[in-house]
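Here the structure comes first, spelled out in structure tokens, and everything after it is commentary.
The values are calculated or read from the model by the stated rules, or taken from the named source; none is laboratory data. Predicted model, so just to flag it, every value in this text is computed and none were measured. For neighbour counting, all protein chains shown are included, and Cβ atoms are generated from backbone atoms with ideal geometry for every residue, glycine included. Just so you know, the surface numbers come from the protein's heavy atoms only, side chains and all, with ligands and any DNA or RNA stripped out. Shrake-Rupley method; radii C 1.70, N 1.55, O 1.52, S 1.80 Å.
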Amino acid sequence: MSTQRQIAIILILVGMFAPLYLLIFVTGYDAGASLSWNLSHMEIVVRNKEWTKPSGLDETLDNLNLALKNERRYFRFGSMILKPRIVMHYKHVILLNLFLVFVGTGLLPLSRNGEGHHYNEIYH
């Protein structure tokens, strides 16, 4: 099996099974709602909004943002900062994996060209 064919099969498998695996981490699912409503409201939360003590990197980014845009990056209360919520919408995960499946299925016929199939030759 050629390397290009292996890559195509891996892309197809990742595109099919990654959304199923990431479904474990999804929040915002409503059993009584429609599929389109659920896809637009389901998300994977990477980090919730929380008050923390700033690290050196946070201070550097805050000072750089203050110098460039003349505004603070984080909301401050005393020595604490409010870090924003980071989420990834599940519909974007679905679209990315659908793209991976399409690329993988597009690579499969191209990988067969070197295995004895002569698509260039004209038979009379």
- Message: Condition first: out of contact with any helix residue (DSSP H, G or I) (no Cβ under 9 Å at 6 or more places or on another chain) and touching a residue at least 24 places away in the same chain (Cβ under 8 Å). Can you find one or more residues in region 14-30 that meet it?
- Response: no
- Every residue from region 73-124 that is at pLDDT 80 or above, assigned to a loop (DSSP other than H, G, I, E, B) and either exposed (fewer than 14 other Cβ atoms within 10 Å of the Cβ) or among the hydrophobic types (A, V, I, L, M, F, W, C) (or both): 78, 79, 84, 85
- Out of all the residues in region 4-15, is one or more in a strand (DSSP E or B), surrounded by fewer than 13 Cβ atoms within 10 Å (Cβ to Cβ) and not charged (D, E, K, R)? no
- Tally time: how many residues in region 22-55 are of a type in the set (Val, Ile, Thr), closer than 16 Å to residue 85 by Cα and open to solvent by 80 Å² or more (accessible area, probe 1.4 Å)? 1
- Query: Do the conditions hold for residue 61, that is, is it loosely packed, with under 13 Cβ neighbours inside 10 Å, modelled with pLDDT under 90, on the phi < 0 side of the Ramachandran plot and not charged (D, E, K, R)?
  - Reply: no
